[in-house]
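The values are calculated or read from the model by the stated rules, or taken from the named source; none is laboratory data. Treat the numbers as computed from the prediction; the structure is a model and nothing was measured. Every residue, glycine among them, receives a Cβ derived from its backbone with ideal geometry; neighbour counts consider all protein chains shown.
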Amino acid sequence: MFTILVIFISLLLGSVPQSPFGERSDLGIIDYSQLKEISGIAAGRVNKDIFWLHNDSGNDNKIYAIDRSAKLKAVYVLKGIKLIDTEDIAIGLGPEKGENYIYLADIGDNDATRDKKFIYRFKEPHIPSSDSVISAEIVDIDTLSFVFPDGKRDAETIMIDPLGMDIVIVSKRDENAHVYIANIPPRGSSELNFKNIAHLPFGYEGFNNSGVTAGDIAGDGSEILIKTYSKVYYYRRLSGEKLQETFSRKPVNVDYIMEPQGEALCFGAKNEGFYTTSESSPLNITPHLYFYRRISTGIDEGYLPPAKLNLNDLNFANIDIYSMEGKRLPDIKTAEDINTGMYFLKFTYDDTSFFRNVFIVK
């Protein structure tokens, strides 16, 4: 037990979890007539400072690339597929090691009537250097189909988990959004088998069509952002933790300036922060590329209100200690096994877990 540590943490238990991201920057206007209903954004991995975008339902089977100043760089036609209600895009690992894949999610279903949903997967193309906008085709595309395990529902969020090797879908219109995962399949078209692993403490926001509209998992799998129309929520994932464990905790509210019809969000490829953009219609608002820079590691997450904690109970708690990078320190049995410094502690008692960022002095 860590009785000796109580002396050093008792003054810190009331800390409030802080957003690891700073104020918004406007990187530029997305001034392109074909991008009027932007519904998803993903940061390129193959192409430096490139972002992939797509339109909502009723548009052509195309994806678009813009640079960090919001200027259009390329338009790719997806051959052999027909999009119905494309709602999000993600980039991550796939069937071939070392390759980066784009996952385009045709998963929208406003009236919950579609029998099947589709995810289209293809390698992220390399955009050749050019002073003009590149126009090209993508022909090698996997079609991944699925049905939800608990009935037809609308969804607008796809994420790729590099740690669990999973595709993650979040439902839109539920009061407590549902989280589904399915293993990333091998090459070729296939049917996915999703399972429901979590219900989030947010979702439908009380107005027409509201709910979860976007999300992303950081490239190293350690952080998650999920967006509704009005808010952005942040989860820090501990080393070795499954997604259902991460989503069992209360998220941190991220400072976010609401965009009219804002449905797109992604982490930066270098994890430098996150980016958002929005549709321009039906309000005739020109979409911008916005950036929220990182200001901390985001590792301070105090989830249990201090009023629910009796300090005397800490003598009976199990305590795991993590470095500030989120890595669990093994074989820590007494205070003598740890040096003075800043750490991340996980307390478990009475079947409840909570987390604190603490400074330990010996």
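The criterion of at least 2 residues that are out of contact with any Leu (no Cβ under 8 Å at 6 or more places or on another chain) and under 23 Å from ILE224 (Cβ atoms) is met, among strands (runs of 3 or more DSSP E) falling completely within the stretch 50-117, by 50-55, 88-92, 101-106. One residue stands out in the stretch 172-183 among those that are of a type outside the set (S, T, N, Q) and surrounded by fewer than 21 Cβ atoms within 10 Å (Cβ to Cβ): the one that is nearest to PHE148 (Cα to Cα), namely ALA182.
From the set of residues in the stretch 96-108 that are among the charged types (D, E, K, R) and within 21 Å of the chain's Cα centre (by Cα), which is surrounded by the fewest Cβ atoms within 10 Å (Cβ to Cβ)? Ranking the candidates gives GLU99 first.
Filtering the stretch 142-156 to residues that are assigned to a loop (DSSP other than H, G, I, E, B) and surrounded by fewer than 18 Cβ atoms within 10 Å (Cβ to Cβ) leaves VAL147, PRO149, ASP150, GLY151, LYS152.
Criterion first (surrounded by 13 or more Cβ atoms within 10 Å (Cβ to Cβ) and in the same structural domain as THR213 (by TED's automatic domain parsing)) does SER129 satisfy it? Taking the combined requirement at face value, the residue does not satisfy it.
When restricted to residues that are in a loop (DSSP other than H, G, I, E, B) and at negative phi, the stretch 157-207 contains 23. Taken over the stretch 109-152, the criterion of being under 20 Å from SER171 (Cα atoms) and of a type in the set (Phe, Trp, Tyr) is satisfied by PHE118, TYR120, PHE146, PHE148.
The residues on offer are LYS82, LYS73, and the sole one that is free of Cβ contacts under 8 Å to residues at least 24 places away in the same chain, in the same structural domain as HIS126 (by TED's automatic domain parsing) and not small (Gly, Ala, Ser) is LYS82. Of all the listed residues (ILE91, ILE63, ILE7), the sole one being at pLDDT below 95 and either of a type in the set (Val, Ile, Thr) or surrounded by 15 or more Cβ atoms within 10 Å (Cβ to Cβ) (or both) is ILE7. Total residues in the stretch 184-196 satisfying the condition of being loosely packed, with under 14 Cβ neighbours inside 10 Å, of a type outside the set (Lys, Arg) and in contact with a strand residue (DSSP E or B) (Cβ under 8 Å, 6 or more places away or on another chain): the figure is 4. With the structure loaded, tell me whether ILE257 is over 17 Å from the mean Cα position of the chain (by Cα) and farther than 23 Å from GLN18 by Cα or whether it fails that test. No.
Restricting to the stretch 201-229, name every residue that is surrounded by fewer than 22 Cβ atoms within 10 Å (Cβ to Cβ) and closer than 29 Å to PRO95 by Cβ. Those that are surrounded by fewer than 22 Cβ atoms within 10 Å (Cβ to Cβ) and closer than 29 Å to PRO95 by Cβ: ALA218, GLY219, ASP220, GLY221. Among the residues examined, ALA136 qualifies as in contact (Cβ under 8 Å) with a residue 60 or more places away in the chain, in a strand (DSSP E or B) and loosely packed, with under 15 Cβ neighbours inside 10 Å.
If you scan the stretch 33-44, which residues turn out to be over 21 Å from LYS227 (Cβ atoms) and crowded, with 17+ Cβ neighbours inside 10 Å? Residues satisfying the conditions do not exist here. Considered as a group, the residues in the stretch 238-260 that are of a type in the set (S, T, N, Q) and assigned to a loop (DSSP other than H, G, I, E, B) include one that is surrounded by the most Cβ atoms within 10 Å (Cβ to Cβ), and that residue is SER248. Being of a type outside the set (Ser, Thr, Tyr) and closer than 27 Å to HIS178 by Cβ is the requirement here; does GLU272 meet it? Answer is no for this residue. Please go through the stretch 186-212 and give me each residue that is under 23 Å from HIS54 (Cα atoms) and touching a Ser or Thr at 6+ places or on another chain (Cβ under 6 Å), ordered by number. Answer for the stretch 186-212, where residues must be under 23 Å from HIS54 (Cα atoms) and touching a Ser or Thr at 6+ places or on another chain (Cβ under 6 Å): SER189, VAL212.
Just one residue in the set LYS270, LYS250, LYS227 is among the basic types (Lys, Arg), within 28 Å of ASP67 (Cβ to Cβ) and at pLDDT below 95; that residue is LYS270. Scanning the stretch 79-95 for residues that are more than 17 Å from the chain's Cα centre (by Cα) and over 16 Å from SER145 (Cβ atoms) gives LYS79, GLY94, PRO95.
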